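No lab work stands behind these numbers, since they all come straight from the coordinates. Here the structure is a predicted model, which is why all the values come from computation and not from measurement. Don't worry about glycine lacking a Cβ; one is built from the backbone with ideal geometry, like all the others, and counts go over all protein chains shown.
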Amino acid sequence: MKSTLLRRHALVLSAAYGLAFACAAQGLSSLPTADSGDRWIGTWAAAPQPAFPGPPERLDDRTLRLVVHVSAGGERVRIRISNTYGRVPLHIAAAHVARRRSGAEIDAASDRALSFGGRPGVVVAPGDTVLSDPVALTVPALSDLAVSLQASGRVEASTTHALAQQTSYVSLARGNATGAAQLPQSKAIDSWPFLTGVEAEAAPGGAAIVMFGDSWVDGDGSTPDANARWPDALAAHLQAAGGACAHLAVLNEGLIGNRLLHDSPVVHAPRAPDFGRALGESGLARFDRDVTRQAGARAVILHLGNNDLGFEGGVAPAGETVSVTMLLAGYRELIARAHRAGLLAVGTTLTPVAGTKVLPNYDTPDKEQRRQQVNAWIRDSGEFDAVIDVDSVVRDAAYPAQLATAIASQDRLHPNDAGYAAVAEAVPTSMCADISSTRR
C-alpha cells in the first residue's frame, strides 16, 4: 500500500542545502548543552508540558523507570531532567541509565549510576533543567534505554510529557530501586515525568534533526509501545539508508494540541474540553527551548498550524482568529530564528482533517480553504530551505480534504503506523550529508 501511495503522490523537496548559515547560535547559554567542540547530540527528546487540569500525580519517594527509544547510537550518554513547570524544587536522590530488556527489566550488566557535578543526586530549581554527567555505555541505534529516577520528598508530576505512547513504570513502594534489575511492585504509566532528553557522544558527522510540531510529531494515532511515531519512523528510515544518514539522530519535540501562534487555550469555549495549560506554549514561545538548545541540532522539521485553524471557533477562546497572513508571519519568524541558530529549516504542508470529530468545529469549508492557501505558500514561496509535502503523501486521491482511509487512524485526524512510515520513507536520504556537514 505504501509503495502505491508514494508513486501516486510526489514529494516536494526543493532545497538550498549549500546555503551558508550564520554560526552565531543565539539564546544557547542558559542551559549547558553541547560541550566545547560540539561532540554531543541529542538522541531522544520529549517536550516538557504542564500537567492536565486536576490534582497532579504524586510520586513521593518513588522510583520511576522511564523507557525511551533512542535514534542514533553512541558509546557515552547523559540525560536531561526538567522542572520547567514545577512550583517547588525537585529533589532527585538517585538516577541510573541502562539498556532495557523488556517491561520494567533492565540488562543489569549495562546499569550505570548517573551523577550531577560529581554528586549522586541533584536539586532542580523551579523552571530549571539540569544535565547529568556523562557515563560510558554502549547504546545501539534504535534501541531502548531505561532511565530510573528516585524523586525524594513530596513530589508532584507537574512537569511531564503526556502522550508518551510508551509504557513506563513507577514503584509502589517508597525508596531507591534505581539499580534493581527488575523494578519491584510497580505500576505502569503512559507518560514521561521530568525526563526531557538523552544525549549521546557523537560519531564523526553526527548531528540531530529536531522535529518540532503538534500531535502528528508527538505520535498520536500510532501503536503504543511500537515506536511507530513519525520521528521514530524517520530515524529507522535513516538508519536503514546507512552512510551519512546513520549518524543522524531524530528528536521528537512534538506536543499534543500545540499551536504555532497561541498558547494552550486556558479559557476554553462553552462545552469544549478544558485543557488548562497542558497543550503548552505556542510554537513561537517554545522554539528556542525545544529546538535551538538541543545538542548537535543541525536541522528542524516544522509541522505546526493545523490546530491554529482547527481550534478557532471551537476550543480556542473568542478572539483567537487565525488568518493566513498571521500563519505565514509565524513561519517566517521561525525560519529566521532557525537560520540565526545555524539550522536548516524544513517546512511541511498542513494535512487533511475532513471527517474528524475529535474536537468541536475543527473541520469547516472556510478552514479548508485557508489550509490550501497556507500549503500553496509552503510549497511555492521558497522561504523554507526545503519542503516535505506531507499533504500529498497522505491525502485521499478521490477526496483530498481527508486522509486516505488506508493510512488514517480512527480519529481521522492522525495517521496510523503505515501513514507515519509512508511520510518518513518519502524523505530523500540525499539530504543526510548536507545536514551532517552543516556547522553552527
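A few points about this structure:
- Gyration tensor over the Cα atoms of the range 166-251: the corresponding equivalent ellipsoid has semi-axes (square roots of 5 times the eigenvalues, largest first) of 29, 18, 12 Å.
- Difference of contour (0.36 nm per residue) and Cα-Cα distance, residue 110 to residue 123: 2.1 nm
- For the range 228-302, the equivalent ellipsoid built from the Cα gyration tensor has semi-axes of 32, 15, 7 Å, listed from largest to smallest.
- Among beta bridges identified by DSSP and lying wholly in the chain, the antiparallel ones come to about 70 percent.
- Label point distance in nm, residue 274-residue 321, each placed 7 Å from Cα along Cα→Cβ: 2.9
- Magnitude of the charge dipole for the range 72-209, about its Cα centre and with charges confined to Cβ atoms of Lys, Arg (+1) and Asp, Glu (-1), is about 300 debye.
- Helical content alone sets the calculated 222 nm signal of the chain at -5500 deg cm²/dmol, taking -39,500 (n - 2.57) per DSSP H segment of four or more residues and averaging over every residue.
- Quarter of the Cα convex hull surface for the range 51-198, i.e. its orientation-mean projected area (nm²): 7.8
- Remark: relative contact order (the chain) = 22 percent; criterion is Cα-Cα distance under 8 angstrom and separation of 6 or more residues.
- Computed FRET value (nearest 0.05) for residue 182 with residue 439, which takes r as the C-beta separation and R₀ as 35 Å: 0.20
- Volume per residue that the Cα convex hull of the range 395-440 spans, once the total is divided by residue count, Å³: 114
- Scattering curve values for the range 59-140, log₁₀ I(q)/I(0), Debye with Cα scatterers, q = 0.11, 0.14, 0.20 Å⁻¹: -0.32, -0.51, -1.01
- The relative contact order of the range 169-267, computed from alpha carbon pairs under 8 Å that lie at least 6 residues apart in sequence, is 28 percent.
- When the alpha carbon coordinates of the range 110-167 are projected onto the principal axes, the ranges are 34, 33, 18 Å, largest first.
- With the convex hull drawn over the C-alpha atoms of the range 240-356, the volume per residue is 128 Å³.
- Cα long-axis angle, helix 365-380 against the chain (0 to 90 degrees, to the nearest 10): 80
- For the range 292-440, the convex hull drawn through the C-alpha positions has a volume of 128 cubic angstrom per residue.
- Each principal axis of the Cα atoms in the chain has its own extent, and those three values, largest first, are 57, 51, 41 angstrom.
- Rounded tilt (10° steps) of 324-340 against the dominant C-alpha axis of the chain: 50
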